[in-house]
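The values are calculated or read from the model by the stated rules, or taken from the named source; none is laboratory data. Being a predicted model, the structure only gives us computed values, none of them experimental. Methodologically, a virtual Cβ is constructed for each residue, glycine included, from the backbone with ideal geometry; neighbour enumeration extends over all protein chains shown. Note: accessible area is taken over every heavy atom of the protein model, side chains too, but ligands, DNA and RNA are not part of it. Shrake-Rupley method; radii C 1.70, N 1.55, O 1.52, S 1.80 Å.
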Amino acid sequence: MDGKIVLHLYVTGGTFPSENARANLKRLCQERLGGCCQIRVIDVLEQSELAETHKIIATPTLLKLSPKPSRRIIGDLSDSDKVIAGLGLCIDKLQADQEEE
Amino acid sequence: MNAIIEKLPTGIPGFDSVAQNGLPKGRTTLVAGSAGSGKTVFAAQFLSEGILKYDEPGVFVTFEESPDDICRNIVSLGWDVPQWQREGKWVFVDASPQTEQETIVAGAYDLGALLARIEGAIRRIGAKRVAMDSLGAIFSRFDDQSGIRSELFRIAATLRGIKVTAVMTAERTEEHGDITRYGVEEFVADNVIILRNALDAEKRRRTLEILKFRGTNHHKGEFPFTIIPGEGIVVIPLSSLELKQKSSDIRITSGNTVLDEMCGGGFFRDSIILVSGATGTGKTLISTEFISGAVKQGERCLLFAFEESREQLFRNAIGWGRDFKRMENEGYLKVICVYPEVAGLEDHFIKMKTEIEAFKPHRVAIDSLSALERVSTAKGFREFIIALTSFIKHEEITGLFTSTAPTLLGGATITETHISTITDSIILLRYLEMNSEMRRGLTVLKMRGSMHDKSIRQFTIDNTGMHVGEPFHNISGILAGRPVHVETVEDFCKLGRLLKGTE
């Protein structure tokens with residue numbers, strides 16, 4: 001369970017950047033993170049309190065809550081390399097873990 | 001589009017008068033100012049006064065300081081924000097930088113979440129007011145500045161749609177130049193207020209200027225303001241006060257019968273009298289007589305003394321046969337001694353105004369007004385005098401101000417040049433050197449709306465007060481400080497008779 005990646009994606013309704021971010025995140029997770037991501041999409045128009053708690057300003061915002069340390073990435077996640085680097089995950093280790101399994 | 005724009009009274013003391021009833025309702029106003037100009041206080045006070053005076057809840061969006069820091073800073077101004085938060089009258093939207101996390105940008109974004117949070121907060125407490133402080137911080141955090149500008153515009157438009165009146169603050173890099181560093185005004189602001197904290201002749205002077213209110217009126221120019229613990233910003237409206245003055249034809253005594261006669265029957269009630277003269281000519285005496293004259297008639301007096309201590313003043317009064325202590329004990333007199341340097345002129349004004357409002361005197365004496373010149377610039381002093389006289393007249397109080405001339409003989413004071421057009425009466429006191437002796441002279445230089453004695457009278461001072469005597473004869477140049485004996489026709493005849501040996 002240590003390898004479980006918990007990601008929260010904050011979006012605003014069905015705007016273009018938000019839709020793009022959803023699609024980009026899904027693709028990224030499958031292609032680069034081995035599919036072992038727990039993703040929750042939060043619409044700030046419906047849950048502004050949650051955005052308040054996490055002090056989200058921009059949308060889309062991707063929060064990595066686990067593994068620690070938490071990270072915050074804004075934008076539609078179209079720059080995959082930047083997202084991967086930004087998440088600060090040790091991809092090699094991740095892949096090694098998966099191979100072990 | 002031509003609909004009349006309503007105003008929302010802010011409740012900030014003095015501001016609504018300058019803004020002619022408040023901020024444009026349902027609009028966003030940009031409050032721009034350099035560091036330390038009072039932007040955050042203005043923003044916080046806009047919400048606080050709304051809660052205190054109009055029961056209108058408010059949302060505070062902070063881009064720079066954390067809510068805790070803001071609370072700490074403004075509790076000292078007398079606003080119990082934590083309590084209001086518990087009561088659901090004040091809500092923070094915390095958009096301040098989260099230090100523990102750096103933000104990585106990967107693609108296009110907007111400020112949709114911020115807008116949703118602001119809207120959510122407004123909905124939760126039914127807010128009527130929103131304050132956003134300060135925009136510079138958000139520009140420095142995101143690279144896409146034109147994108148941020150258009151997002152702020154979107155926020156302002158949304159607030160307008162839900163009929164919320166908002167204040168946004170922004171930094172200025174210099175006191176006179178571009179309105180804001182990031183050019184926000186072009187996008188968000190139909191309404192712009194500028195706060196200044198300018199250094200002029202080694203003195204700080206805070207002013208507020210309404211640069212524009214689109215489609216509605218406001219007073220123009222800079223208005224001084226001060227920030228007082230327990231009250232916050234207090235704007236001193238100058239021109240907006242002046243026009244309401246009434247004028248009375250009721251006469252009141254100066255406290256001296258001869259002086260009353262010289263003035264054509266006494267001073268007018270709700271008039272301003274300036275007493276000018278060198279040190280020791282008897283200005284404090286005239287204000288003492290002015291006070292005791294009022295107290296004898298059962299009127300209440302307030303004396304602001306900026307030159308002498310209580311003990312000195314009371315001793316002087318005793319020396320002239322007047323008992324200030326008894327007058328105070330009986331509630332007819334209140335003496336307030338303040339050293340001019342303890343506060344700025346704006347603070348003095350507010351304090352004096354508060355004292356006058358509390359004591360409700362019939363008469364106010366200030367001894368001396370010129371002592372206050374020391375703590376201000378010339379411009380600030382002029383504004384102070386205008387504000388003070390307007391206020392005193394508005395309250396239908398008689399005001400007697402003294403002004404110390406810098407030279408012993410003759411000379412005008414700076415106070416005089418600033419105040420002479422505002423005062424209704426001017427009394428000049430002068431030393432005269434005559435036959436190797438110093439004498440004192442007094443004249444009524446101006447008595448608005450009345451005939452008055454134009455002679456220059458001698459006067460003496462003893463332990464019962466002031467005694468105005470006969471006019472000086474055959475002397476000219478007294479006011480200029482160079483008295484010269486003038487030969488009259490009578491003198492020539494006398495000389496002729498002497499020469500003929502008939503006398």
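Entry comment: accessible area of chain B is 43 Å² per residue, from protein heavy atoms only and a probe of 1.4 Å. Remark: segment B:298-307, residue by residue, has Karplus-estimated 3J(HN,Hα) of x, 9, 9, 10, 10, 10, 9, 10, 10, 10 Hz, where x stands for each Gly or Pro and the curve is 6.51 cos²θ - 1.76 cosθ + 1.60 at θ = phi - 60°. Its alpha carbons give chain A an Rg and a Dmax of 13.4, 42 Å.
Mind grabbing the interface size between A and B? I mean buried accessible area, both sides, 1.4 Å probe, in Å² to the nearest hundred.
Chains A and B together bury approximately 2300 Å².
Taking 41 Å as R0, compute the FRET efficiency from the Cβ-Cβ separation of B:Ser150 and A:Lys4 and round it to 0.05. Please list the in-between numbers first.
Values: r = 39 Å, r/R0 = 0.95.
That gives a FRET efficiency of 0.60.
Atom-type composition of the exposed protein surface of chain A places 49 percent of the accessible area on carbon and sulfur (1.4 angstrom probe). Return one number: the angle in degrees, 0 to 90 and rounded to the nearest 10, between the long axis of the Cα atoms of helix B:112-125 and the longest principal axis of the Cα atoms of chain B. Helix B:112-125 sits at roughly 60 degrees to that axis. Once the C-beta distance of B:Asp323 and B:His467 is scaled by a Förster radius of 22 Å, the resulting FRET efficiency is 0.70 to the nearest 0.05.
Based on C-alpha pairs under 8 angstrom that are at least 6 apart in sequence, chain B has a relative contact order of 14 percent. Working note: Karplus 6.51/-1.76/1.60 with θ = phi - 60° gives segment B:46-59 the couplings 4, 6, 4, 5, x, 6, 6, 9, 10, 6, 10, x, x, 10 Hz, where Gly and Pro are set to x.
Could you give the angle, 0 to 90 degrees to the nearest 10, between helix B:283-296's Cα long axis and the longest principal axis of the Cα atoms of chain B? Computed tilt is about 90 degrees. For B:Phe267, the residues whose amide H sits under 5 Å from its own are B:Ile252, B:Ser254, ignoring neighbours fewer than 5 places away on the same chain, with H placed 1.01 Å from N.
Restricting attention to segment B:227-335, lysine pairs at least eight places apart or on different chains and with alpha-carbon atoms under 21 angstrom apart total 6.
Quick one: order A:Val6, B:Val364 from most to least accessible surface, probe 1.4 Å.
Ranking A:Val6, B:Val364 by accessible area, largest first, yields A:Val6, B:Val364.
Accessible surface for B:Arg124 stands near 120 Å², nearest 10, in the context of the full protein assembly shown (1.4 Å probe). Relative to the first principal axis of the alpha-carbon coordinates of chain B, what is the inclination of helix B:378-394, with its axis defined by its Cα atoms, in degrees from 0 to 90 and to the nearest 10? Helix B:378-394 sits at roughly 80 degrees to that axis. For B:Ile233, the residues whose modelled amide H falls within less than 5 Å of its own, excluding neighbours fewer than 5 places apart on the same chain, are B:Ile228. Considering only the Cα atoms of the protein assembly as shown, their convex hull presents on average a projected area of 37.0 nm². Annotation for A:Glu19 and B:Glu311: the two label points, set 7 Å from Cα along the Cα-Cβ direction, are 8.6 nm apart. Kirkwood analysis of chain B, using all unique Cα-Cα pairs, places the hydrodynamic radius at 26.1 Å. With Cα atoms as the point set, the radius of gyration and Dmax of segment B:251-472 evaluate to 16.2, 51 Å.
Below 8 Å, C-alpha to C-alpha, sequence gap of six or more: please give me the relative contact order for segment A:5-100 in percent.
36 percent
The Stokes-Einstein estimate for segment B:232-363, based on a Kirkwood radius over Cα pairs and taken at 4 °C with 1.567 mPa s viscosity, is a diffusion coefficient of 79 µm²/s. When nucleic acids and ligands are ignored and a 1.4 Å probe is applied, B:Ser425 ends up with an accessible area of around 0 Å².
Using the Cβ of B:Ala106 as centre and a radius below 9 Å, the other residues enclosed give a net charge of -2, where K and R count +1 and D and E count -1. Per-residue extension of 0.36 nm, minus the Cα-Cα distance of B:Tyr54 and B:Arg72, leaves a gain of 4.1 nm for this segment.
Inter-label distance, B:Lys203 to B:Arg141: 4.1 nm, where each label sits 7 Å from its Cα along the C-beta direction.
Residues whose amide H falls under 5 Å from that of B:Val335, counting only those 5 or more places apart or on a different chain, are B:Leu303, with hydrogens built in the peptide plane. For the pair B:Thr354 and B:Thr377, the difference between a 0.36 nm per residue extended length and the Cα-Cα distance amounts to 6.0 nm. Per-residue Karplus couplings for segment B:352-360, computed as 6.51 cos²θ - 1.76 cosθ + 1.60 with θ equal to phi - 60°, are listed in order as 5, 4, 4, 5, 5, 5, 6, 7, 6 Hz, Gly and Pro entered as x.
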